[in-house]
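Participant: Pasting a structure below so you can have a look.
The values are calculated or read from the model by the stated rules, or taken from the named source; none is laboratory data. Fair warning: this is a prediction, and the values are worked out from it, not measured in the lab. Glycine gets a Cβ as well: all are built from the backbone with ideal geometry, and neighbour counts include every protein chain shown.
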Protein chains: 2
Amino acid sequence: MRIYGMLDSGNCYKPRLLMALLGRPFEHVETSSRDGTTRTPGYLAKNPIGKVPLLELDDGRFIAESNAILLYLGEGTRYVPADPHDRAVVHQWLFFEQYSHEPNIAVRRSLIVYPERAHLATPERMAGLLEAGNKALAVMETQLAKTPWLAGAAPSVADVALFAYTQDAGLAGYDLNAFPHVAGWLDRVRLLDGFRGMDWQPTN
Amino acid sequence: MRIYGMLDSGNCYKPRLLMALLGRPFEHVETSSRDGTTRTPGYLAKNPIGKVPLLELDDGRFIAESNAILLYLGEGTRYVPADPHDRAVVHQWLFFEQYSHEPNIAVRRSLIVYPERAHLATPERMAGLLEAGNKALAVMETQLAKTPWLAGAAPSVADVALFAYTQDAGLAGYDLNAFPHVAGWLDRVRLLDGFRGMDWQPTN
């Protein structure tokens, strides 16, 4: 399998981290959405939405959207539960991540980290993203005060998805001291067998 | 089963529409996020995120997030395919809907429809939402020029999820004449056996 993505993107880190946790081989193809590569005809033929990450299967087919890739790769492993209700809880967190977490915490991080985006970081926008991101972290804190992992007693792709940008929440301007259960959960994720940091890529 | 939601919300319409298509009985409990009901302790005990829709199972457990509810209700029916790659394509559209479609088209609709949100409808914001929503509609148009349904040859929960706000895109200020394949697909959805419009609720 081949994963097209950027080493410094949390969304692209998600499938790399899951593959590391599962101990599965894959090829990382560095593909940037900031230098125009994802808008070339060649790339758009692979993924009409023009975004990364993108998973290429051994048969040449593609799967886009980071959390759809996690569900595909995790199916049949301990990272995607078999019980219908447990699965639904995992799905719930994955949609929460894309709707309530990533558009605030990842976007605020990008406005701080990438100089070409700095002009978009108006005080009003940064304040709005701070408030909405803190709400998302509070939802995680409430759950993680009750269970060690987001979907309950065992780690799942929900933890992989939400780890990606929560680990960088400090860089994005959020104070994780206000969310001690989230901070403890970040440490638990880092201790999972096979864990690799965001800058990791396999030696092909 | 019981679905908490608002009759005029597209996100809440999604599970109602799927239940109608599947011909399954359920109870609709009108629950508004605009009158404070979803922020009461009683509701927050059911759904800590304080949002609708919310599915209550017969055993008293809950599932939140509209698209997670669709996957739960659709599992084992023709609306969620069994093949792993076909499932991944459905998941891809569901995440696309929550990340690239709903935050533009549904939000622009809400800024037009609800007087209490009108002060947020600045010209810059409305222009940005128009551009981003048109990009999402263009992605759908590309797919629907190739296949009758978003995930291929058969209708799926991806069509249910994306129908909810696309049907109201005109109200939100988008010109569907520019997306003829999307317009044709809306008509196909309306012809599905069991189809019901957004203001429908079952007689309990």
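Participant: Does A:Ile69 satisfy the condition of being in the same structural domain as A:Met6 (by TED's automatic domain parsing), aliphatic (A, V, I, L, M), in contact with a strand residue (DSSP E or B) (Cβ under 8 Å, 6 or more places away or on another chain) and in a loop (DSSP other than H, G, I, E, B)?
Facilitator: no
Participant: Touching a residue at least 60 places away in the same chain (Cβ under 8 Å) and more than 25 Å from A:Ser110 (Cα to Cα), is that true of A:Ala151?
Facilitator: It is true that A:Ala151 is touching a residue at least 60 places away in the same chain (Cβ under 8 Å) and more than 25 Å from A:Ser110 (Cα to Cα).
Participant: Same structure, new question: Inside region B:162-204, can you point out the residues that are under 24 Å from B:Asp86 (Cβ atoms) and not in a helix (DSSP H, G or I)?
Facilitator: Within region B:162-204, B:Leu191, B:Leu192, B:Asp193, B:Gly194, B:Phe195 qualify.
Participant: Within region B:164-196, can you find the residues that are among the aromatic types (Phe, Trp, Tyr) and crowded, with 20+ Cβ neighbours inside 10 Å?
Facilitator: Hits for region B:164-196 are B:Tyr165, B:Tyr174, B:Phe179, B:Trp185.
Participant: Please find, within region B:20-52, the residue that is surrounded by the fewest Cβ atoms within 10 Å (Cβ to Cβ) out of those that are under 26 Å from B:Gly76 (Cβ atoms), away from chain A (no Cβ under 14 Å) and without any contact (Cβ under 8 Å) to a residue 60 or more places away in the chain.
Facilitator: Per the stated criteria, the residue is B:Arg24.
Participant: A further question follows. Quick one: would you say A:Ala161 is out of contact with any Cys (no Cβ under 6 Å at 6 or more places or on another chain) and either among the aromatic types (Phe, Trp, Tyr) or surrounded by fewer than 20 Cβ atoms within 10 Å (Cβ to Cβ) (or both)?
Facilitator: Criteria not met by A:Ala161.
Participant: Kindly evaluate B:Thr38 against the criterion of being in contact with a Gly (Cβ under 7 Å, 6 or more places away or on another chain) and among the polar types (S, T, N, Q).
Facilitator: So B:Thr38 fits the description; yes.
Participant: Name the helices (runs of 4 or more DSSP H) wholly within region B:74-161 that hold at least 2 residues that are within 13 Å of chain A (Cβ to nearest Cβ) and under 17 Å from A:Ala64 (Cβ atoms)?
Facilitator: B:84-96, B:123-144
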